[in-house]
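One structure below.
The values are calculated or read from the model by the stated rules, or taken from the named source; none is laboratory data. Quick caveat: nothing in here was measured; it's all calculated off a predicted structure. Ideal geometry is used to build each Cβ from the backbone, glycine not excepted, and the neighbour counts take in all protein chains shown.
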Amino acid sequence: MATTAIPAVTSTGQPILILKEGTQEKRGKEAQRNNFEAVKLIRDIIKTSLGPRGMDKMLVDSLGDVTITNDGATILKEMDVQHPAAKMMVEIAKATDSEVGDGTTSTVVLAGYLVEKAEELIDKGIHPTIIIDGYMRASQQAISVLKSIADKVDSTNKEVLKNIAKTTLATKLLSGESDYISNLIIDAVLQVAEKTNGGYKVDIDNIKVEKKPGGSITNTQLIKGVVIDKEVVHAGMPKRVKNAKIALLNAPLEIEKTEIDAKINITDPEQMKAFLDEETKILKDMVDKIKAVGANVVLCQKGIDDMAQHYLAKEGILAVRRIKMSDMDKLARATGGRVVTSIDDLTPEDLGYADLVEERKIEEDKWVFVEGCKNPKAVTILVRGGAQRVVDEAERSIHDAIMTVKDVVERPYIVAGGGAAELEVANQLRKWAQTLEGRVQLAALAFADAVEMLPLVLAENAGLEPLDVLPELQAAHQKGTKWAGLNVFTGKVEDMRANNVLEPEAVKEQVIKAATEAASMIIKIDDLIAASKPPEGEKSGGKGGQPY
């Protein structure tokens, strides 16, 4: 209902205006129904993308740019979602993506089903607060179950990590090349992993993913070093330097302008020549200093003057300028060099090392490859593919797989995929729910039903009849086969641990936490107040409301 005010009048019948004119408000059941429908609609859009047999979405933005993906977070980011409750689904997908990298689709689907089950309970007269209490308790119990059933593994076991990566990639565009890509990803993650007290830490910022259309997915390669999307600055410089000793500079090879305006009065040509000669000498001294410390490659974050380029070229030094700060950090980690902010401070100890620094032509662009570093703590994956859309989706897929491998290296606990973990959680939740009293028990049982919907969606997306598969799956778990799940390729119930379909326990935990919190927040809303839109042509400081 639209209203200009919350109904309130004085004793004389004069209305008291609380809300701005044109504000829309929905209360009670209507507000709840409105939010629930929005969340269920988002879930229904996303759920067909779940699993290895999931479908892709084609998203076209207002400028006509096309994105083809089945990554839940990307789909929701690219969709211009307006409804406030639906926006929460976008938030949980983004949060899950940045936290664990995978499970974004599962999170949105689970939140959608939790909201749907809550709606059924509300219709039966159960208060939202009781449902939220039941959900929170069931969520904590579900995480305890996950931790108890998870298998501990060796965090550097390449076989386990490969199966983790292959399971993630099985749902992606790269599924056909998952064997080859998985090996690259594992090598990259283990290369940058750093040992800490009792474990490993992986900073995925140290794995640079560069993409370029051309070739095929199998041309994707791991470079033990850094790829810089710049070219060598001067045509006279060498394009290939072996046994490179690299100076990393965060200082311009230029004559710096003074902070304050200064004028020099020149009265004859000799003075002019002396002035220019002095500038040239300063630049030559800079180059001589670089040469003196033994550098044969200069990678500079700032600019390099034309005259300095000339002297560097004469000395046979390869130079690249205006490199991004993030790339300079990676170069320092990869080559073992130190970024210096003043050329006067440069010493031989500051130089980095690489077997090869070379400019290569990739499609239309020239890029500089710094590779063959001794023990690089920063590496690059260069993604290739037949078209721009293909490399874009390949990059997203590789990001997810890097994140899942990182999750296991940092926290070495795994569960089986194919819906096995969800079914075991649902099975144990139902037994636990019998110990609860009153209406909270109904909410806990509804939570178990919602968790069980994930394997059903997997079955549906594989073209199977969910109601034929579910009883068989439930029976296997009641008999104690904890890793019984659905093999979507054969359509049969199998031991997914034996099939090497493995997922990080951290991902499953994040899915349950994020979905429960989002669903609980949406269930608790009973009033929706949307500000009015500003009149056409009038600028407004706030955002205009939408007629939800």
_Being without any contact (Cβ under 8 Å) to a residue 24 or more places away in the chain and either surrounded by 14 or more Cβ atoms within 10 Å (Cβ to Cβ) or within 27 Å of the chain's Cα centre (by Cα) (or both) is the filter here; which residues of region 434-454 pass it?_
Leu445
*Could you say whether any residue in region 123-139 is over 20 Å from Ala378 (Cα atoms), among the hydroxyl-bearing types (Ser, Thr, Tyr) and more than 25 Å from the chain's Cα centre (by Cα)?*
yes
*Looking at Gly417, Gly352, Gly385, which is the one that is of a type in the set (Gly, Ala, Ser), closer than 19 Å to Val145 by Cβ and buried (at least 20 other Cβ atoms within 10 Å of the Cβ)?*
Gly417
*Mind telling me which of the residues Val488, Val457, Val501 ends up being under 29 Å from the mean Cα position of the chain (by Cα), closer than 14 Å to Tyr113 by Cβ, buried (at least 16 other Cβ atoms within 10 Å of the Cβ) and not assigned by TED's automatic domain parsing to the domain that holds Ala170?*
Val457
*Can Thr335 be described as more than 25 Å from the chain's Cα centre (by Cα), in contact (Cβ under 8 Å) with a residue 60 or more places away in the chain and surrounded by fewer than 18 Cβ atoms within 10 Å (Cβ to Cβ)?*
no
*Complete set of residues in region 241-275 that are among the small types (Gly, Ala, Ser) and either free of Cβ contacts under 8 Å to residues at least 24 places away in the same chain or touching a Pro at 6+ places or on another chain (Cβ under 9 Å) (or both)*: Ala262, Ala274
*Residue under evaluation Ser139, criteria (1) assigned to a loop (DSSP other than H, G, I, E, B); (2) in contact with a helix residue (DSSP H, G or I) (Cβ under 9 Å, 6 or more places away or on another chain); (3) not assigned by TED's automatic domain parsing to the domain that holds Glu395, criterion not met*: (1)
*Considering region 85-98 alone, what residues qualify as being over 22 Å from Ile204 (Cβ atoms) and either touching a helix residue (DSSP H, G or I) at 6+ places or on another chain (Cβ under 8 Å) or hydrophobic (A, V, I, L, M, F, W, C) (or both)?*
Ala85, Ala86, Met88, Met89, Val90
*asked:* Residue under question is Glu393, and the condition is that it be touching a Gly at 6+ places or on another chain (Cβ under 6 Å), more than 25 Å from Asp151 (Cα to Cα), charged (D, E, K, R) and not assigned by TED's automatic domain parsing to the domain that holds Gly491; does it hold?
replied: no
_Restricting to region 229-272, name every residue that is touching a helix residue (DSSP H, G or I) at 6+ places or on another chain (Cβ under 6 Å), in a strand (DSSP E or B) and either modelled with pLDDT under 85 or among the β-branched types (Val, Ile, Thr) (or both)._
Ile246
*touching a residue at least 40 places away in the same chain (Cβ under 8 Å), aliphatic (A, V, I, L, M) and in the same structural domain as Glu503 (by TED's automatic domain parsing), is that true of Val192?*
no
*If you take the residues in region 395-433 that are under 30 Å from Ile181 (Cα atoms) and basic (Lys, Arg), which one is farthest from the chain's Cα centre (by Cα)?*
Arg411
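To keep it simple, each residue is scored yes or no on (1) touching a His at 6+ places or on another chain (Cβ under 6 Å); (2) in a helix (DSSP H, G or I); (3) closer than 19 Å to Ile228 by Cα; (4) hydrophobic (A, V, I, L, M, F, W, C).
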residue: Ile290; (1), (2), (3), (4): no, yes, no, yes
residue: His310; (1), (2), (3), (4): no, yes, no, no
residue: Ala319; (1), (2), (3), (4): no, no, yes, yes
residue: Asp327; (1), (2), (3), (4): no, yes, yes, no
residue: Gly337; (1), (2), (3), (4): no, no, yes, no
*Only one residue in Pro213, Pro238 is surrounded by fewer than 19 Cβ atoms within 10 Å (Cβ to Cβ), closer than 21 Å to Gln388 by Cβ and either out of contact with any Ser or Thr (no Cβ under 6 Å at 6 or more places or on another chain) or free of Cβ contacts under 8 Å to residues at least 60 places away in the same chain (or both). Which one?*
Pro213
*Could you tell me which residue of region 355-371 is surrounded by the fewest Cβ atoms within 10 Å (Cβ to Cβ), considering only residues that are closer than 20 Å to Ile290 by Cβ and among the hydrophobic types (A, V, I, L, M, F, W, C)?*
Leu356
*asked:* For region 165-210, give me the residue count where each residue is of a type in the set (Gly, Ala, Ser) and over 25 Å from Val227 (Cα atoms).
replied: 5
*Residues Ile523, Ile529, Ile512: which one is closer than 27 Å to Met88 by Cβ and modelled with pLDDT under 90?*
Ile529
